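As structure tokens, the structure follows; a few thoughts come after it.
The values are calculated or read from the model by the stated rules, or taken from the named source; none is laboratory data. Everything quoted here is computed from the prediction, not taken from an experiment. Glycine gets a Cβ as well: all are built from the backbone with ideal geometry, and neighbour counts include every protein chain shown. These area figures cover heavy atoms from the full protein model, side chains too; ligands, DNA and RNA do not enter into them. Shrake-Rupley method; radii C 1.70, N 1.55, O 1.52, S 1.80 Å.
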Amino acid sequence: MYGITTRWGGLVGLWMAVLPSLYATHNRAGEITYRQLGQTTYEVTLITYTDSRSTQADRPQIDLLWGDNTQSTIPRSERRYLGNFVQYNRYTDTHTYPGPGRYVIQFFDPNRVAGINNISNSVNIPFYVETELIIDPFQGVNNSPVLLQPPIDFAQVGVPFVHYPNGYDPDGDSIAYRFTVPKQNVNMPVPGYFDPPASDHFSLDPYTGRLEWDAPTTPGIYNIAIQIEEYRNGRRIGYIVRDMQIIVAPADNHPPVIAPLTDTCVLGGDSLSLDITASDTDTGQYVFLQATGGPFEQSVTPARLEPAAPQGLQTVSARFTWRVACESIRKRPYRVVIRAVDDHPFLPLADLKHFDIKVVGPPPRLDTLEPAGRTLTLRWQPPAACHGPELKGFYIYRREDSSGWTPGACETGAPGFQRVAFLKDPTLTAWTDSNGGAGLYPGRRYCYRLTAIYQGSTHYEPAEGQASNERCFVFSDGVPLLTQASVISTHSTEGKTRVRWYLPPLDTTQWTPPYVFTLRRGRPPATLLARQFTSYADYLAADTVLIDSTLNTEAAPYEYEAQLKATVLGRPLTTASGPAQTPFLTISTGNQSLQLRWTTQTPWQNYETVIYRLHPDSSDYEPVALVPSATYWEDTGLEVGRTYCYFVETHGRYPAADPPYEPFINLSQRVCAVPRDTIPPCPPTLSLVAFCEMEGHENIVQPYHRLFWYPAVDTACVETPHQYGIYFRRTDSSAFERLAMLPASRLEWEDRRDSLVFSAAGCYYVTALDEFGNESRPSNFVCADNCPRYVLPNVMTPNGDGFNDTFRPIPPVHFVQRVVIHIFDRWGRRIFTSEDPFFAWDGTDVQGRPMPEGVYYYHCTYETVFLHRPEPVRHRLQGTIQLIR
């Protein structure tokens, strides 16, 4: 249960008491939490901390808004006085929601305490907290976090302050913390709120919730709000907003110091015991220890702090003990917060530290590996301590060869192993590995471990336990072993491979003839060899090599498998080697390099590869690299455009057997490729003389821009430009398009497109390209904007002499996209209309009749686009026309 130290008074008590009772009002802090009782039924708890002097504003009952357009009046279920004018209030009720959805549970109260330093006029600011509840049938049962540290705390001016909300999630969900602005109602932040002032920083760790205030500068009351968010599988599934109060007072005190705490681990079913000490440098002060956290909240064998209320003069010691129930095994660690507070008569100060406890599931015991054909059956014993309802199944892990690994105390799973099965039946004690139906390979050492999977009734996600002991097995008796599958000739139709195998010795008291040996090819499928031996002597004298011909060894690898059939102890038995493929090489081109990759699917293990390359001055191949335990190599510094040819030679062995011909040497097909240059030149530096910046541009009929650029001078740029590409876009939101490709001898260009008469706004960049088509990054951008010109005359003489016969724009016209002009006579009658930017009025009306001499009026609007404006800009012209005949 919540609790705060009440052993303080003196000046601080007097300092708080001088606040006029008129302003004592009510709410100091609070939050809302919930527990899920049914599919859509929840128990919701509101906890508030109020000023005990506010008798008129005391709340025997409150109104709670459920977030589904309903509310309830809830009576107070618990009230306790905590000292220092702080009263604890608890209100609990149940509510059934109409169905899945997002609901925000809200509590509003018009009375917040007065005199809060960082909330202006706080006495008139309402108190408000909320909690988000998400009901989702697919996320499983969800209970909100519980905040184990009370939201009332005390600090001293000039002394760093630390606080932990100490959120504990009973379902094992992740918790994150962040500051938020206190609210006075839903979606209504408190006006004028500011963070408490600090001499250095005021911060909140989002993962641990550690609040640091280094350090308070001004005494008084401060309120803050913390949003505690709950996450499951990376998705937020709810939050709590806690409104918290920190009371800062002047004093002369030093906080106690808790000895360093260390994170630890414990196996489910075991016990954990840790010693905790704290000390205070101030003479004559008592120190008190408090502990909160998830281990104390367990329903089965919760943790204890012994003695129950530890205290001591200047030094205090206590022992944390926890007999960990199997139900408490979970994926995420439990956090314990230790608080040490002194009994300074004016202002007791506290130190807070935390440590995490990871509860690890105990391992099962792997007893035996039992072979049958090319399968292995594992048999085990479940964990001795934890095999009740919390045990949900097992993971089976496998690797080739022994690991030599011993799990650490906090280590779960089986690193370095491959998970090959998930058994969801916790009662199983055996499982057979058939390698997915393909069978296990002979000559390989297969090693196994398994882990138990746990999930307590209150935890939403399973937790993997510690790995079992390791056991290994090698298939060897009576199994033929392939030792070579090698390409000896590369051709599309006349290729050849060599296949070699090893016939194991047989116990003739158990293996009786006839012995039938078969060699099969997988692609194209064929039985290459089928021999029957009527005696063991013939069996031992048999050939163990075959040349496979008329193959397309260029296109793909070839796969082979050997089988041996015999009668063993009166029963027919077939053993098989497992498939082996010829190494297959592929090459991709890079910049002055070639990248070689090869595949090697074999029952043996390849431990190194030798790369061979054709010598440029002969027909011989020579080794150029030795690659251990990899299937990739890059040949660099090659001549662009020249052909290089390669093959690879793999070396392998069976790690648990020792047949002849070791190491096994196998060759791939031969492959040729040509490297190319992929490094682009460096971009040039671009300059622009824009049309609107040219002297006398008002008299130029066709707008244009002049671009010129300088090649890169960086010494790191070794690529010589072969061409230059010029790119342009009209607006900030449009894409660049290429306008021209120029030879490297050209370092300037003029953009004289006809469309520039309507708009010359836009941006350019230039790229450099080498002879292989590699294009550089864009150069710097240069941009130009429009300078519109649209001038109308004020006189016209339509007499046919070729001068001023029409009323039209005075050329040149620049950057006008749309025009609407109306001409009116002196009576206001419209006699001419046009939307042509290059209109020409000949002095007649709409019916073509000549208009008499006199004064006429026009109204004209035209539009122009600009580079950084999304919409056209409209201009207006109006004036008179003197018509003279």
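In whole Å, how far is the Cα centre of the stretch 454-469 from that of the stretch 129-205?
30 Å
Quickly work out the residue 685-to-residue 608 label distance, labels modelled 7 Å from Cα along the C-beta direction, and quote it in nm with one decimal.
Here the modelled spin labels are 5.3 nm apart.
Round to the nearest 0.05 the FRET efficiency obtained for residue 186 and residue 410 when R0 = 45 Å and r is the Cβ-Cβ distance.
Here the calculated transfer efficiency is 0.55.
Over the chain, average the accessible area per residue using a 1.4 Å probe and give it in Å², no decimals.
45 Å²
Rounded to the nearest 500 deg cm²/dmol, what is the calculated helix-only ellipticity per residue at 222 nm for the chain, with -39500 (n - 2.57) per DSSP H run of length n ≥ 4?
-500 deg cm²/dmol
Calculate, in nm to one decimal, what residue 742 and residue 701 gain on full extension: separation in residues at 0.36 nm each, minus their alpha carbon distance.
12.1 nm is the gain from fully extending residue 742 to residue 701.
Kindly identify the chain as rounded, prolate or oblate by the Cα gyration tensor criterion: order the square roots of the eigenvalues as a ≥ b ≥ c, call it rounded if a/c is under 1.5, otherwise compare a/b with b/c, prolate if a/b is larger, else oblate.
Oblate, since a/c reaches 1.5 and b/c is not below a/b.
Does the stretch 783-885 classify as rounded, prolate or oblate by the C-alpha gyration tensor (a ≥ b ≥ c root eigenvalues; a/c under 1.5 gives rounded; else a/b over b/c gives prolate, otherwise oblate)?
Prolate.
Could you tell me how far the Cα centroid of the stretch 267-289 sits from the Cα centroid of the stretch 835-885, in Å?
After rounding, the separation between the Cα centres reads 92 Å.
Assign unit charges at the C-beta atoms only (+1 for Lys and Arg, -1 for Asp and Glu), then state the dipole size of the stretch 123-196 relative to its Cα centre in Debye, rounded to the nearest 20.
280 debye
Summing +1 for each Lys or Arg and -1 for each Asp or Glu, what net charge is found among the other residues whose Cβ lies under 9 Å from the Cβ of residue 168?
Cβ neighbours under 9 Å give a net charge of -1.
Do any cysteines in the chain lack another Cys Cβ under 4.7 Å, and if so which?
Flagged as lacking a Cys partner: 860.
Sum up the charges of everything whose Cβ sits under 15 Å from the Cβ of residue 190, counting Lys and Arg as +1 and Asp and Glu as -1, but leave residue 190 out.
Once all neighbours under 15 Å are counted, the net charge is 0.
So how compact is the stretch 463-533: Cα radius of gyration and Dmax in angstrom?
Spelled out, the Cα radius of gyration and Dmax of the stretch 463-533 are 19.2, 58 Å.
Quick one: order 279, 577 from most to least accessible surface, probe 1.4 Å.
The ranking, largest first, comes out as 279, 577.
Which shape class, rounded, prolate or oblate, goes with the stretch 736-816 when its Cα gyration tensor gives a ≥ b ≥ c as root eigenvalues, a/c under 1.5 marks rounded, and past that a/b bigger than b/c marks prolate?
prolate
Hey, rough spin-label estimate for residue 777 and residue 528, points 7 angstrom out along Cα→Cβ, what's it come to in nanometres?
My value for the distance between the label points is 5.4 nm.
Which of the listed residues, 108, 533, 493, is farthest toward the dipole's positive end in the chain, when Lys, Arg count +1 and Asp, Glu count -1 at the beta-carbon?
Farthest towards the positive end: 533.
Run the dipole for the stretch 832-885 about the Cα centre, Lys and Arg Cβ at +1, Asp and Glu Cβ at -1, nothing else charged, and hand back the magnitude in debye, nearest 20.
So the magnitude is around 160 debye.
Express the carbon and sulfur contribution to the solvent-accessible surface of the chain as a percent, rounded to the nearest whole number, probe 1.4 angstrom.
Carbon and sulfur together cover 50 percent of it.
Work out the length of the dipole vector of the chain about its Cα centre, built from +1 on the beta-carbon of each Lys and Arg and -1 on the beta-carbon of each Asp and Glu, and round it to the nearest 20 debye.
1800 debye
Under 30 Å Cα-Cα from residue 565, which lysines qualify once same-chain neighbours fewer than 8 residues away are excluded?
Within reach: 496.
State the answer as a single residue: which of 386, 364, 410 lies farthest towards the positive end of the charge dipole of the stretch 341-411, with beta carbon charges of +1 for Lys and Arg and -1 for Asp and Glu, about the Cα centre.
364
Give the Kirkwood hydrodynamic radius (Å, one decimal) of the stretch 430-551, defined as one over the mean of 1/r across all pairs of different Cα atoms.
18.7 Å
Roughly speaking, what is the centre-to-centre gap between the stretch 239-257 and the stretch 667-728 when only Cα atoms are used, to the nearest Å?
Comparing the Cα centres of the stretch 239-257 and the stretch 667-728, I get a distance of 64 Å.
Using a 1.4 Å probe and ignoring any ligands, DNA or RNA, find the accessible area of residue 748 and quote it in Å² to the nearest 10.
110 Å²
Picking from 630, 684, 725, whose Cα lies most toward the positive end of the charge dipole for the chain (charges on Cβ: Lys, Arg +1; Asp, Glu -1)?
Result: 630.
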